[in-house]
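Student: Okay, here's the structure, questions in a sec.
The values are calculated or read from the model by the stated rules, or taken from the named source; none is laboratory data. Values in this document were obtained by computation on a predicted structure and should not be read as measured data. Cβ atoms come from the backbone with ideal geometry, glycine included; neighbour counts cover every protein chain shown. Please note that ligands, DNA and RNA were not included when accessible areas were found on the heavy atoms of the full protein model with its side chains. Shrake-Rupley method; radii C 1.70, N 1.55, O 1.52, S 1.80 Å.
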Amino acid sequence: MPDNVATKEDIARLKDETDVQLGRIWSELRKLNTAESRRAAMNGALLILGSAIGSGIVNALQHGR
């Protein structure tokens, strides 16, 4: 048998490894989709927006517009 021919054991092992990796990916996706994760993203966006508004106000006050 040539060296490059996969055996049933090789295929089964690769399938098991793939299933484990997919399980890890789904687990991480579930973590990212939690309410806390969404809240953190919203708070970050609000922080950036507030900073931009505050910077605009300060800039306007400094230039007397």
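Student: From the list 22, 47, pick out the single residue that is at pLDDT 85 or above, under 31 Å from the mean Cα position of the chain (by Cα) and open to solvent by 100 Å² or more (accessible area, probe 1.4 Å).
Tutor: Answer to the selection: 47.
Student: Moving on. Here are 6, 41: which of them is open to solvent by less than 70 Å² (accessible area, probe 1.4 Å), out of contact with any strand residue (DSSP E or B) (no Cβ under 9 Å at 6 or more places or on another chain), at pLDDT below 85 and not in a helix (DSSP H, G or I)?
Tutor: The conditions single out 6.
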